[in-house]
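The block underneath contains the structure these notes are about, expressed in structure tokens.
The values are calculated or read from the model by the stated rules, or taken from the named source; none is laboratory data. Please read these numbers as outputs of a predicted model, since none were measured by experiment. Virtual Cβ from ideal backbone geometry, glycine too; neighbours counted across all protein chains shown.
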Amino acid sequence: MPFNFDAIVIGTGFGGTVAATRLAQKGKKVLMLERGTWWVTPSKLGKAPPSTRDPIPVWAKKQTPQHPVQYWTRPDHRQGLGNFFSAVRSGVNKDGLYQYSMFKQADILTASGVGGGSLIYSNVTVRPEAEVLQGIGLNLADADYQAAYKWMEENRGRLNHIVTKIPLPGRDVTNLTTDDYLYLDRARVLRDAAKLSEGKLGIKLPWKPLDLSLIEYDPHRPDGGDAAKVGTFCQRQGRCILGCLPSARHTFSKTLYTKLLFDPAKGVALSPLAEVREIRQIAGGYEVTYRDHRDDGDKKTVSAPMVFLCAGTLGTTEILLRSRERGGLKLTDKLGTHFSTNGDFGAFVVGTTKPVHSSVGPINTCQVSTKMGGLHIKVEDSAVPEMFAAVTSATLNVLDNFAQREMLKMKMKNAFLGIAMPDLQDFFPKLPDTHDPERNQTEGEMVSNIFFFNVMGQDDASGKFTLKNDRLDLDWDKKIGETPVFQQIETLLKSLAESMGGRYVPFPLWKGLGNKKLVITHPLGGCPIAPTSFDGVVDELGRVFDGSKPKGSTDVLPGLFVVDGSSLPGAVATNPTLTIAAQALKAVNAALP
Ligand SMILES: Cc1cc2nc3c(=O)[nH]c(=O)nc-3n(C[C@H](O)[C@H](O)[C@H](O)COP(=O)(O)OP(=O)(O)OC[C@H]3O[C@@H](n4cnc5c(N)ncnc54)[C@H](O)[C@@H]3O)c2cc1C
Ligand code: SF4
């Protein structure tokens, strides 16, 4: 039977874009299947001429059938929240940008759209500690990371440090001394709190700006810099995870359009709103079945000798579980295992002594690294976008008041038992201020003294995905919230909160509105890499083990590859995308010598 394509790529995120660029270089005819739509900025600002300002919508309208294009959610105040919720994908809303998957012990947020996670991620592009990679048996060398950095720069743009309120072209922003006030307030507050907590906890807590995949103004670069080339740069709007209005982020939608899709001679086609269901092995290749949501969800089938699964940790694992159950694909019994939370943890500090102005600046700007109880931990600052300011400050106030009331009850009990006298001020309600500064606040003011932590660490990758009634399920055979990494993280965050002069308030689902439930943004595993089929689903080159062979075999299913976060066998304990790209490049380069 003749094949429709040389290769089918499922998903258009980090793994998918790496695979497609390399396949195109090798002159292959490629089809990319993506369950979501295009997302672009509605902003018409910028110096580009009108015809090139919005190239994707113009091009998308000319395709047959047309490609669906949507605009980032806005406005940037509390009324934007409604728009945000309408962009959440669900059973009926197939074209939402955010996929919020709820499981018993953890909820997981991922993206759905052309460009995958790059559409909503915070641009952090960093390398994990070598010791962490060794611990999970991931064999990525210096050369693999150098290749990933090079690929990023060539296909997206250069990385930048953005920890200052305004661009400081040509200046090293890692250690501003006389111009310390130019730091974004939350970056400086995290740096100073880390210094104070070093003494209290007796550990090292080095601080550094993050490498961010977005455009910073820099006219001193010999080539004029990305900003001069594309006429835009980061304006510190604090909404990267919602989509950048000035278009200063290096999303894969831009890479795919400019490098591959706009020129049919490159041989790459893309079908948006194409939700892959399963894969079946046929003579010499594979048949991929998908629901075409541009055509009432009709089932369609395409075939190719090579298939690259790049649908992300949840998407790829689900497709393979279904393909084993319904499509007869022979896969190992490790499928679904080694799910890692990446130690993801979120928490707040309410009432910081110094203002942190959390709505200003890129979502994450800097990182503090440490090792506690033998586990690597990274703590980052996080912006609260203005449309979330009202709901964040109201929720945290309720939780914080509740915590303070509990504290007061404890003080009264202690006073009664003669252990310690309470502060009498605690018993008197605060009198309302006639010039109440809390009325008519701007969104920025509402979160001016609320610090938001984004934390990652080493978990034991013990989660397991299964398919229940054709839906993905995830669980652990223990209480994941009680595992050591989260205890260490809370000890560290409580100390940092105290050093900031505020009160520690964990994410509401962890405490207050839930009981130790995690919210994960860096899900990993499900199709783990291992030396043989005994321990994993794919080998170190992303080739899928042939499950029909005896356990411990290294035989693979020819032409079938997993090239995304699902293949990472455990936590990388930092933002994972550089590692996903490095592993994807290694696999795709080996598949296409
Ligand atoms: C809010 C947020 C912020 C983040 N910030 C950072 C950060 O700063 N740095 C960092 O390193 N990481 C960050 N991450 C994590 C990062 O986005 C992911 O690790 C990364 O996107 C995973 O890459 P991937 O290639 O495995 O999958 P993805 O990028 O998720 O791509 C998978 C693609 O497959 C598509 N797909 C899924 N199922 C199907 C199907 N059945 N059929 C067709 N298509 C399908 C999806 O729509 C998606 O386009 C963040 C995540 C979130 C949610
Ligand atoms: S901070 Fe704002 S301007 Fe800068 S990249 Fe993020 S969304 Fe764009």
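Observations on the model:
- Given (1) within 16 Å of ligand 1 (Cβ to nearest atom); (2) at pLDDT 95 or above, index of the condition V189 fails: (1)
- Residue, nearest to G80 (Cα to Cα), within region 249-266, restricted to residues that are aromatic (F, W, Y) and surrounded by fewer than 22 Cβ atoms within 10 Å (Cβ to Cβ): Y257
- Some residue of region 93-109 being within 17 Å of the chain's Cα centre (by Cα), surrounded by 12 or more Cβ atoms within 10 Å (Cβ to Cβ) and part of a helix (DSSP H, G or I): no
- Number of the exception - P246 against (1) within 16 Å of ligand 2 (Cβ to nearest atom); (2) surrounded by fewer than 20 Cβ atoms within 10 Å (Cβ to Cβ); (3) free of Cβ contacts under 8 Å to residues at least 60 places away in the same chain: (3)
Rundown of residues vs (1) at pLDDT below 95; (2) surrounded by fewer than 21 Cβ atoms within 10 Å (Cβ to Cβ), yes/no style:
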site: A227; (1), (2): yes, no
site: Q237; (1), (2): no, yes
site: C240; (1), (2): no, no
site: V268; (1), (2): no, no
site: Q281; (1), (2): no, yes
site: V288; (1), (2): no, no
site: H293; (1), (2): no, yes
site: T301; (1), (2): no, yes
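- Considering residues of region 101-115 that are within 16 Å of R35 (Cα to Cα) and of a type in the set (V, I, T) only, the residue farthest from ligand 1 (Cβ to nearest atom): V114
- Meets criteria (more than 16 Å from ligand 2 (Cβ to nearest atom) and modelled with pLDDT of 95 or more) for V126: yes
- Unique residue being out of contact with any Lys or Arg (no Cβ under 8 Å at 6 or more places or on another chain) and near ligand 1 (Cβ under 10 Å from one of its atoms) when the list is T313, T258: T313
- Pick from region 190-218, criterion part of a loop (DSSP other than H, G, I, E, B) and over 18 Å from E153 (Cα atoms), ranking: farthest from the chain's Cα centre (by Cα): G202
- Taking the criterion of being farther than 20 Å from T370 by Cβ and not in a strand (DSSP E or B), the residues of region 464-486 that qualify are N469, D470, W476, D477, K478, K479, I480, G481, E482.
- Residue within region 546-558 that is within 13 Å of ligand 1 (Cβ to nearest atom) and farther than 30 Å from C366 by Cβ present: no
- Sole exception among (1) within 16 Å of ligand 2 (Cβ to nearest atom); (2) acidic (D, E); (3) surrounded by fewer than 24 Cβ atoms within 10 Å (Cβ to Cβ) for D381, by number: (3)
- For region 249-270, filtering for residues that are within 14 Å of ligand 2 (Cβ to nearest atom) and in a helix (DSSP H, G or I) leaves 1.
- Subset of region 85-123 (residues that are at pLDDT below 95 and within 15 Å of ligand 2 (Cβ to nearest atom)): none
- If the condition is being touching a residue at least 40 places away in the same chain (Cβ under 8 Å) and closer than 23 Å to N454 by Cβ, then region 168-187 contributes L184, D185, R186, A187.
- Candidates S369, S358 - the one that is assigned to a strand (DSSP E or B) and more than 18 Å from the chain's Cα centre (by Cα): S369
- Of the residues G552, G547, G514, G559, the single one that is surrounded by fewer than 24 Cβ atoms within 10 Å (Cβ to Cβ) and at pLDDT below 95 is G514.
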